[in-house]
Amino acid sequence: MNIAYVYPWDIVGDPSAPARLASLGVEAVALAASYHSTRAATPYHPNHRVLDVPHPAFYLPIRPSSWGRLVPASPTWTPEDAYLQARDALKAVGLQVHAWTVLTHNSHLGTTNPDLAVRNAFGDPYPYALCPAHEDVLEYCERLVREILAVGEPDGLILEACGPLGFGHQSVHEKTSGADWTTTDSNLLSLCFCTSCAPRYPSTTRDRVRAAIDHTPLLEAERISDPVAPSTNADSAAPNPPFDTIEEALGPLADEIRSIRVELSTVLRRRLVSIARGIAPHLPITLHANPDPWAAGAFAALPAGEPEADVLVANCWGDPATDATRLTQLADLTTPGQRVGAYVLALPPRPADATTLADHLRTYAKAGATEFHLYHAGLASPQRLAALTQALRLSS
């Protein structure tokens, strides 16, 4: 099954949209039921060309009795029942509709509830990231899934950001590249030290993370973890060298911290899958996942697989060879009957060229992908959609 990703506003108000999507050659559409803020091009819509989405929103009617402490916001840029309107229009042309559900990525709720947001080792909050170590966040995600299944009645459920988000985030005017932080630094900055996470770590973790990022001596952390180590003057100590991996940076703490981090995604995922199975036992469940145990973001850490899901989808927005390796790793985690999907970028920097896109699709299929999740059928130009349509045919 191949799936095209779209927003509700791509469909609502554009009568030509459902047929255009069906002509791509896909069987289903991933329709955003909850989504974060964005600024989107709408190259096909009869009423506008750019849409500003200033805050995350829930695209189904909000029933106050269904929510607890955290209540999602409604959109003002599209009808409150935009998901339902788009769903009906898409199903009318024979397309399945899967509910694209963004979970812990929510700047509105993180800003209004700062105690629930991810915080790095320096105490800096990431207001776009709700930390699933908090019961209120877990409960919100559960209620979100319940409402989508009860009111949205989708043909499938797609879970994105099903775990903690980290440092990486394109927002406002991003001005972080000049710090020259490495991938290891970014991973360290993605470790959460909120009031729920910090007590779970070994006592020296925060100091060690700070020292590793700033390349300052690990003297205090090392002294605490090794009481017999000789005392050294911090001013005369040599700075830490850059670390190649987060395991090197965390040293003897790495295994315990890794286990704690993976557990955050595991607990959230299993609670949501259990709820979904209880409401709709046969509904297909798709996970946006990453086999890297340190992953933080839209594709949550899944180093040991999830047998209760139907589809595991890996991000394929980078170098195709690297993406293929990630797909193969994810495929190795599957159980019999479980499918692997490639989340394929059809936007820049990918060329609007059918031959190149088809080569990418064949590479992903060889690596284990049995279906393609196409991003994004509402943002892509007519030339890109045409190239993607042809690429699907060439690669089949």
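See the values below:
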quantity: Equivalent ellipsoid dimensions for the chain as semi-axes, Å, which come from the Cα gyration tensor, largest first; calculated: 38, 24, 20
quantity: Sites matching trypsin sites (Lys or Arg not before Pro) across the range 34-80 that sit in DSSP coil, with at most 15 neighbouring C-beta atoms within 10 Å; calculated: R49, R69
quantity: Rounded to the nearest 10 Å², the accessible area of D180 at probe 1.4 Å; calculated: 120
quantity: S37 - accessible surface, heavy atoms, 1.4 Å probe, Å² rounded to 10; calculated: 40
quantity: Protein-only accessible surface order, largest first, of K91, K175 at 1.4 Å; calculated: K175, K91
quantity: Calculated [θ] (222 nm, deg cm²/dmol) that DSSP helices of n ≥ 4 give over the chain, each run adding -39,500 (n - 2.57); calculated: -10000 deg cm²/dmol
quantity: Over 24 Å [Cα-Cα, the range 47-173], rounded percent; calculated: 32
quantity: Where W317, W67 fall by accessible area, highest first, once all protein chains stay in place (1.4 Å); calculated: W317, W67
quantity: The chain: angle of helix 382-395 to the longest principal axis, Cα-based, in degrees nearest 10; calculated: 90
quantity: The chain - percent of accessible surface contributed by carbon and sulfur, probe 1.4 Å; calculated: 52
quantity: Two-decimal ratio, the range 1-59, of alpha-carbon radius of gyration to 2.2 N^0.38 Å; calculated: 1.15
quantity: Accessible heavy-atom area order of E371, E135, E247, highest first, probe of 1.4 Å; calculated: E135, E247, E371
quantity: Rounded to whole Å, sorted largest first: equivalent-ellipsoid semi-axes of the range 286-340, Cα gyration tensor; calculated: 17, 12, 9
quantity: Shape parameters for the range 40-94, alpha-carbon atoms, Rg then Dmax in Å; calculated: 13.6, 39
quantity: GNM flexibility winner over the chain from P336, P303, P75 (Cα, springs under 10 Å); calculated: P336
quantity: Euclidean distance between Cα centres, the range 323-396 to the range 121-178, Å; calculated: 25
quantity: Base-10 log of normalised Debye intensity for the range 303-396 (one unit scatterer per alpha-carbon) at q = 0.14, 0.22, 0.23 Å⁻¹; calculated: -0.48, -1.02, -1.09
quantity: Cα long-axis angle, helix 82-91 against the chain (0 to 90 degrees, to the nearest 10); calculated: 50
quantity: For the chain, share of DSSP beta bridges that run antiparallel, in % to the nearest 5; calculated: 20
quantity: Using alpha-carbon coordinates, inclination of helix 320-331 to the longest axis of the chain, degrees; calculated: 90
quantity: T42 accessible area, 1.4 Å probe, all protein chains in place, Å² to nearest 10; calculated: 0
quantity: Calculated on alpha-carbon atoms, Rg and Dmax of the range 231-374 in Å; calculated: 19.0, 64
quantity: Taking N as its residue count, the alpha carbon Rg of the range 127-167 over 2.2 N^0.38 Å; calculated: 1.29
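The values are calculated or read from the model by the stated rules, or taken from the named source; none is laboratory data. Fair warning: this is a prediction, and the values are worked out from it, not measured in the lab. Don't worry about glycine lacking a Cβ; one is built from the backbone with ideal geometry, like all the others, and counts go over all protein chains shown. All accessible areas refer to the heavy atoms of the entire protein, side chains included, with ligands and DNA or RNA removed. Shrake-Rupley method; radii C 1.70, N 1.55, O 1.52, S 1.80 Å.
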